[in-house]
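Engineer: My questions all concern the structure below.
What follows is calculated from the coordinates using simple rules that are stated; it is not laboratory data. Everything numeric here is computed off the predicted structure, so don't read it as measured data. Every residue, glycine as well, gets a Cβ built from its backbone with ideal geometry; the counts of neighbours run over all protein chains shown.
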Amino acid sequence: MVLLFSPFFLGVITRVKAFFGGRVGPSVFQPYFDLAKLFQKKCVYSHTTTWIFRAAPIVVFASVLAVSLMIPFGAFKAPVRFSGDIFLVAYLFGLARFFMIVAALDTGSSFEGMGASREAFFSCLSELTIFMNFVTLVLVAHQISLSGMIGAEIPLSWKLMGPTLLLVVSSFFIVILAENCRIPVDDPSTHLELTMIHEVMILDHSGVDLAYMLYGAAAKLFLFGGILVPILLPIHTGHGLMDTLIFVVGMLGIAIFIGLVESGMARLRLNRVTNLLLIAFALAFFGFIVRLWRG
Amino acid sequence: MEKIIQFPWHVPFGEFTLKLDPLSLIFLTAIIILTLCAGIYGVGYMRSYQGARSLKAHAFFFLLLAVAIGLVVTANNVILFLCAWELMSIATYFLIVFHDEKPSVRRAGFLYLIATHCGTFCLFLMFFLMARTAGSMDFTVMAHTTFSPALAGIIFFLAIIGSGVKAGFLPMHIWLPHAHPAAPSHVSAFLSGVTIKIGIYGICRVLWIMGIFPNWCGYVLLTIGIVSGVMGVLYALGQHEIKRLLAYHSIENIGIIALGLGVGLLGRSYHQPFIAALGFAGALLHVINHAIFKGLLFLGAGAVIQKMHTGEIDKLGGVAKIMPLTSTLFLVGALSICGLPLFNGFISEFMIYFGLFQGVLALPLQGVVFFVLGILSLALIGALALACFTKVYGIVFLGNPRSSIETKGTEEVSAWMMAPMFLLAGLCIWIGLMPAVMARLTFMGGNFLAHMEPSAFYLGKILNPLSIINGTAFVLLALIIMLVFVRRWLLGKEPMPTSETWSCGFTQLSSKLQYTSSSFARPIVQYFRNTLLFRRYGGEVSGEFPQKAQMSSHVHDASEDYLFRPVFTRLRNLSKRIDEKSIRYTQIYLIYIFVFLIFLLVWKMRG
Amino acid sequence: MTTWIDTSCILVVFLALSILATYRITGMIHIFVVQSFVLSFVPFFLHADALTGRDVMLVLATLVLKAIVAPYILFWAIRHMSMRSEVKPFIGFGTSIICGTFLIAGAFWVASSLKLPGKLISDLVIPCSLSTVLLGFMIIVTRTKAITQVLGYLVMENGIFLFALSLFDAMPTLIEMGILLDIFVAVFIMAIVVNHINEEFEHAPASLRRTKMGETL
Amino acid sequence: MLSVLILIPFVCGLVVFLPMERRLRVRILCAVSLVHAMIVASFWKVNPPSEINGFLMLDAIGLIVLSIVSFLFLSVSVYMVGYFHHEQRRTRTFVACLLLLLSTMTLVSVSRHMGLLWVAIEATTLFSAPLISFHRNPESLEATWKYLLVCSVGIALALLGTFFLAIAAHDVHTLLLPVLLSGAKMLSVNWLKLSVIFLLVGYGCKMGLAPMHSWKPEAYGQAPGMIAALMSGALTQCSFLALIRVSQICAKTGLSEFYASILIVTGALSLVAPAIFILGEGNIKRAFAYSSVEHMGILVLGLGLGPVGIFGAFFHMINNAVAKVAAFLAAGSLAQKYGSSRATEVKGVIHLYPVTGVLLIAGFLAGTGMFPFATFHSELMILNAAVLSGHYLLALVYLGGILVMFIGVLRIVLEMALGKPTQPVLPAKENFLMNAAIAVAMIISLGLGLWMPDILTKVLNDAVALVRI
């Protein structure tokens, strides 16, 4: 499911951006073509690098896929559900990040080191926000598993905890932008700018490795969307196909919205990014307070 | 489960009673593992000093330390406990000052002894207060005594200071970042892995004995955990020396352990046995885990320092090519300490998180607020630790060498030093992938500390998620293997072309242009500059053809530079001034006598 | 006989006070000799009706030690060190005397609250001996030179001796001899020390002399 | 037997004044202390009969003090054989005074009469004074002078106190201790109180309790190491014995509370005062002297804190003596070799003279009450006594004082023991006898810290029983 749909998600965003940019833009399936092309190519390695550099894409991709096991998609229940899986989700992303950063440093380039440094910094703040949101959701749903949190109880919660959920959703959206290097934080479409984060770290990857990396990034974006959609569209028809359809519509909606945001906003200056993330945290914290107030 | 051994021993109030209960068992596990590993490693590490200085004393004190620590965790009598505690402090001191020709080492040892002595004195007072109420010096008897809340508060306070100095809670930690780098690496590993845990053991033992504490104690412990954890890792980020950095990470991990204990204590205060057991068990498991991975990291750092002759992170680089095995083992340690899945650090952090979230659901409002703070700080600690260890690993082991190091291909340290590292790395992965054994053991310890009967229901409640995590971990491994095969299938067998680092065509890189540890950590350190007292010195460049400029940056440890040191200096100066004055006239001496006599007469003969 | 004892007591205190007011060391020693002389005859007055051999012995011993040997050693020390015979006080002579009178008043006040069990020889003995002790102490404290401190100490011992006389019947002879002996040796050794200090002083570097030794000598 | 024990060193002390070879004198000293020690050792088996109308008698407290004195003299005399191997000085007065000191200190520990006790203590002052000025330089003479002056004043006050005691005991007609104790009801309380104050201040001067301690750093700093060892280990204990005797009397007359409060105040002062000075100190012998003041404070505190404290104080007497002897002897060896005991001039001892260095550190650890040494137990007991009797503030002061002292001494000892070695003035090898003397003391301290023999416990308990009400 994730493997199948995530590049599409990316494609939609690009298409929306192009549309608002006044261009036709590439096909929504363009990411698939890119990946297929990359899978056929050979890799080039720097003298400086070690096995870490080769291992990183694999670990990154694998851990993102492992996370996908814990997230429900519409009617498809998450295969792995247990009380406390939210930590595993967060820390699997951490594992991916660790290898990404280390691989970037492996090249010995100051360029990639810079990206790595920024990634490490911003992730601290987004991690805080994510956990803050988790806490609020746990308090709302009284369950400590991801499936439980964003699962059945949400429709009820919207009535009681509407404001809280709204705040959580908005804060989580900012985190999605930051974690997946979308525009106000980072610019995914360019390499040569001194202000970018994610793209600069994978500069030296090529061929299959780059494909893994890109695929991993796309999947990660998809997964975050997958967490957000059930909260936004808590509609359970009971019919499997309908549910899935609703989910897909929701995902498309998010993709379009991300595209809108990317088109409408300029990239922020680097030192403003922290403020953005802090705003996200503040929103999350506000949500928590509202929850306590209502509780 | 409990076993008591008694020997005859003739000292005032002393009894040689050893008791093995779950708590001691857990700590003994960590001790035995690290004693073995550090000892074996030491054989290899010390070989380079053979002949130059006497190693007998070093070996003696190492063994003495191991025995003393073993006694500390099994002692069932106050006097025996204190004796072993003192013995441990002294032995540690002599291990630290192995390189006594260096002033920094002497200073570190000095600081250590003072700090540990302060702590020990608090323990003296604490135990005697307890003994006074209980009427006995026996821990078991004390455990059956009820203490008044006020006394319990005082005892808690003394325990936090007394054991906290040893453990390295902020702001009593100042000795720690000096002592750990000063000692030989296997000693650092032992210190960081075991000795500071004995501080935690002291607190645990008191928690067990006291049974009931006022509610605020739990909050204090939780807060201490949060502060130590976050500040520890922030300070670590600002360090330039690898062992000093690791030392600050010990503070961070002690903070996590204290956080767990705080969760347990609060659970106990609010009669939530599951939360209590989870918090305690998580803390105890983290004790073992930290011993293992921090031991591994220190041993790895020692190997690097021995081969590269420096521990300055900014001078190292590309070590992975020279010492591939060591670097891999260090990576295992780094991943574990960041608490990432597949490795042991995750399991204990998971338990603490789990306890925290359970607490959020079950506790009254103030408890929720504090637990949420705990969750947030744990998340922040995790993210910062990750930043820090990517920095260490990336800068030290990867990239190009930053200073000219003459090497002849790969050059690993001797087997004596490699074997313990392999063992520790193996343990990291074993606990990470198959946590059930250790989880059971520490949960038993948690039950013991929470004063509750072992219950299969609760045990299942924690073992169940762990087994799923276990399964997920194997799925992850399977995925990785699958991806490796996919990659191999796609790429074929022929060797890949290699070239210079591309970096968007930004070639002609000198190794000096690489990102250094300081620059890597700078955004974070800069962001927290007011908390950390981060200062830059020099570095202004001006003019069209700038002159040579120098820049250095440093993170000041506030409690050391602005709290303890000025106080000590003031006192010393005062002492010197008074001394010079009184030395001049003998008559003044006589006046003292006279005044004292008059004082006694007036005081006592008035009636 | 009580009149004689009273007179002696008053005299002893008065002499101690006048030592405090003396400008020259030799003068101080002379006064001390007189004081010791007065003191040594007190046992006579105590048992004037029935003199025993013990009394005579005591009087003789006191006379020899306190009034002859001790002053002799002091003079000898002064001559040997060829020091100038000026007393260097910390506080002025006038102030010293006023303080001295206050001390005497204090001693009488303290003594008023102490009731001696058994028979009293004279009610002046205890306050006077206390006053002498205090005055001796004051001499030690307020005068700078080593030799004046020895002298102050001797005055103090005189005070204590006066007190001891009040216990004449309660204490065994052995102790009194011990006291005398000790005083003797004390003076003796002190003199030797003073002497040595002087000898070494000649060779000591100037800086040391000023900063450290200057005040004590 | 007791009078013989006093007379042997006395006669030998006089004999030594005859002209003879330098070495021979030291050997006589050795022989006398050996004989003395053997006789004292036999007292542990058989208690000697009382002599001279009960003036001389050995009880448990006396036995403890006597054993300390005897042991200290033995180790110091053995040490001295090695010391005079290098030193070219006249030994006549020195050895003679030592022997006479031994004699008078023996007298102190066996005398059962408060007057005789005073005489003996006065005599120890006189014989110890020339020992301090052994080096004959201006500093040492100045130190001797200060010592004499302060102690003489103290002795004078103690004499006054003894007189007051005699007045209080007017109806008993004697100062013999057993009689005083049995007739305690007949003592006049007011005079006794006055006497107690004067005796405490007087003997306190000699013992070096806080406001009266100022001679200590001077004297110990200038005296040769062995003399400082003797003084801090044995001489001070003799004065403490006098305070214990006073405590016995107080216990019988219902003045324990009164006495205990004075003792506690004095003890607390003795813990605080040296702590003020120690941090600025740079001379190791002076630092040990401050530490000695502190230990006197601990002893006095223990005496004032009830049975546990008294037991601790008696135990601490032994431990402190043994620890101090090691510390001062080690410092003395260094002072002889380097011609200085300042931390700025002596460094890296452990590399140049490993055995002495180790012994110095061991002596320091024992002196500051670290575990493997017995001082740890006795200090802990006294702390326990403070807590048990509810003196929490005192316990804090106690710990604070010990802590600051620990820091102060630690700084100096470490600077001397570790680091890059400086060259000594007298580049001689380590002397076996000197080190052996220190090592034996250290082993005893270590042994007592690990295991207390039953006989010692028994004697200590007997001693406590003598002081308890």
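Engineer: On a C-alpha basis, how far is the centre of the range B:411-440 from the centre of the range A:232-286 in Å? Whole number, if you could?
Structural biologist: The distance from the Cα centre of the range B:411-440 to that of the range A:232-286 comes to 43 Å.
Engineer: Another question, then. What shape does the range D:355-469 take by its C-alpha gyration tensor, where a ≥ b ≥ c are the square roots of the eigenvalues and a/c under 1.5 counts as rounded, a/b above b/c as prolate, and the rest as oblate?
Structural biologist: Oblate shape, in that a/c is at least 1.5 and b/c is the bigger or equal ratio.
Engineer: Let me ask another. Once you place label points 7 Å from the Cα toward the Cβ at C:Ile91 and A:Trp293, how far apart are they in nm?
Structural biologist: About 7.5 nm separates the two model spin labels.
Engineer: Run the numbers for B:Phe157 and B:Thr133: contour at 0.36 nm per residue of separation, minus the present Cα-Cα distance, in nm.
Structural biologist: Roughly 7.0 nm would be gained on extension.
Engineer: To continue, here is another question. Label the range D:1-157 by shape, choosing from rounded, prolate and oblate, from the square roots a ≥ b ≥ c of the eigenvalues of the Cα gyration tensor; if a/c is under 1.5 it is rounded, and otherwise prolate applies when a/b is larger than b/c, oblate when it is not.
Structural biologist: oblate
Engineer: Give me the tail of P(r) for the range A:222-295 as a percent: Cα-Cα pairs with distance above 19 Å.
Structural biologist: Of all Cα-Cα pairs in the range A:222-295, 58 percent lie more than 19 Å apart.
Engineer: For a quick check: sort D:Ser188, B:Ser250, D:Ser42 by the number of other beta carbons within 10 angstrom, fewest at the front.
Structural biologist: Fewest-to-most ranking of D:Ser188, B:Ser250, D:Ser42: D:Ser42, D:Ser188, B:Ser250.
Engineer: Can you flag which of C:Lys145/D:Lys285; C:Lys145/D:Lys146; A:Lys77/A:Lys220; A:Lys159/B:Lys461; B:Lys56/D:Lys337 are past 20 Å Cα-Cα?
Structural biologist: With Cα atoms farther than 20 Å apart: C:Lys145/D:Lys285; A:Lys159/B:Lys461; B:Lys56/D:Lys337.
Engineer: Would you mind ranking B:Leu325, B:Leu87 so that the residue whose beta carbon has the fewest other beta carbons within 10 Å leads the list?
Structural biologist: By the 10 Å Cβ count, ascending, the order reads B:Leu325, B:Leu87.
Engineer: What is the diffusion coefficient of the range A:2-294 in µm²/s, taking the Kirkwood radius over Cα pairs and the Stokes-Einstein relation at 20 °C with a viscosity of 1.002 mPa s?
Structural biologist: 110 µm²/s
Engineer: Relative contact order of chain D, please, whole-number percent, based on alpha carbon pairs below 8 angstrom and at least 6 residues apart.
Structural biologist: 16 percent
Engineer: Give, in nm to one decimal, the length gained when the segment between B:Ile481 and B:Arg565 is fully stretched (0.36 nm per residue of separation minus the Cα-Cα distance).
Structural biologist: Stretched fully, the B:Ile481-B:Arg565 segment lengthens by 24.8 nm.
Engineer: If you don't mind, another one. Between helix D:138-168 and chain D, what is the angle of the helix's C-alpha long axis to the longest principal axis, kept within 0 to 90° and rounded to the nearest 10?
Structural biologist: 10 degrees
Engineer: State to the nearest 20 debye the size of the charge dipole of the protein assembly as shown about its Cα centre, where the only charges are +1 on K and R beta carbons and -1 on D and E beta carbons.
Structural biologist: Roughly 1360 debye, rounded to the nearest 20.
Engineer: Mind giving me the nanometre distance, one decimal, between the label points for D:Arg27 and C:Arg54, set 7 Å out from Cα along Cα→Cβ?
Structural biologist: Output for this residue pair reads 4.9 nm.
Engineer: A further question follows. For the range A:2-294, what's the relative contact order in percent, using C-alpha pairs closer than 8 Å and at least 6 residues apart?
Structural biologist: 31 percent
Engineer: Over its Cα atoms, what ratio of radius of gyration to 2.2 N^0.38 Å does the range B:417-473 give?
Structural biologist: Cα Rg divided by the expected 2.2 N^0.38 Å: 1.37.
Engineer: Could you work out how far helix D:189-207 tilts from the main Cα principal axis of chain D, as a 0 to 90 degree angle to the nearest 10?
Structural biologist: For helix D:189-207, the angle is close to 10 degrees.
Engineer: Please determine, in degrees from 0 to 90 and to the nearest 10, the orientation of helix D:306-338 with respect to the longest principal axis defined by the Cα atoms of chain D, where the helix direction is its Cα long axis.
Structural biologist: 20 degrees
Engineer: Expressed in nm to one decimal, what extension gain is obtained for the pair B:Ser455 and B:Trp603 from 0.36 nm per residue of sequence separation less their Cα-Cα distance?
Structural biologist: Full extension of this stretch gives 46.9 nm more.
Engineer: Calculate the radius of gyration of the Cα atoms of the protein assembly as shown to one decimal place, then report Dmax, the largest Cα-Cα distance, as a whole number, both in Å.
Structural biologist: 40.7, 143
Engineer: With an 8 Å cut-off on Cα pairs and a minimum separation of 6 or more residues, tell me the relative contact order of chain B in percent.
Structural biologist: 14 percent
Engineer: Further, regarding this structure: Would you list which lysines come within 16 Å of A:Lys41, measuring only between C-alpha atoms, while excluding same-chain residues fewer than 8 positions from it?
Structural biologist: Partners within reach: B:Lys493.
Engineer: Helices from chain B with mean Kyte-Doolittle at least -1.0 and a Cα length along the axis of 30 Å or more, per DSSP H: which?
Structural biologist: Helices meeting the span and hydropathy rule in chain B are B:22-45, B:103-134, B:215-237, B:242-269, B:273-308, B:365-392, B:456-491.
Engineer: With only alpha-carbon atoms counted, please give the Rg and Dmax of the range D:2-467, in Å.
Structural biologist: Final numbers for Rg and Dmax: 20.7, 68 Å.
Engineer: Between B:Phe474 and C:Leu114, with labels modelled 7 Å along Cα→Cβ, what's the label distance in nm to one decimal, could you check?
Structural biologist: 9.4 nm
Engineer: Can I ask one more? Charges at C-beta only: +1 for Lys and Arg, -1 for Asp and Glu. How large is the resulting dipole of the range A:2-294 about its Cα centre, in Debye rounded to 20?
Structural biologist: It comes to approximately 400 debye.
Engineer: Can you bin chain B into rounded, prolate or oblate? Criterion: square roots of the alpha carbon gyration tensor eigenvalues sorted a ≥ b ≥ c, rounded for a/c under 1.5, prolate for a/b above b/c, oblate for the rest.
Structural biologist: oblate
Engineer: Can you sort B:Ile5, D:Ile132, B:Ile352, D:Ile64 by how many other beta carbons sit within 10 Å, fewest first?
Structural biologist: With the sparsest Cβ surroundings first, the list reads B:Ile5, D:Ile64, D:Ile132, B:Ile352.
Engineer: In the neighborhood of D:Thr422, defined by Cβ-to-Cβ distances under 10 Å, what is the net charge if each Lys or Arg adds +1 and each Asp or Glu adds -1?
Structural biologist: So the surrounding residues net to +1.
Engineer: Helix check for chain A. Which DSSP H runs span at least 24 Å along their own axis by Cα, with a mean Kyte-Doolittle hydropathy no less than 1.0?
Structural biologist: A:2-20, A:51-68, A:85-106, A:110-141, A:154-179, A:207-232, A:240-264, A:270-294
Engineer: For the range B:1-213, state the average projected area of the convex hull of the C-alpha atoms over all orientations, rounded to one decimal in nm².
Structural biologist: Its Cα hull, projected and averaged over all orientations, spans 11.9 nm².
Engineer: Would you list, by chain and number, the lysines whose Cα falls below 25 Å from the Cα of B:Lys19, excluding same-chain residues fewer than 8 positions away?
Structural biologist: Partners within reach: B:Lys3, B:Lys166, B:Lys197.
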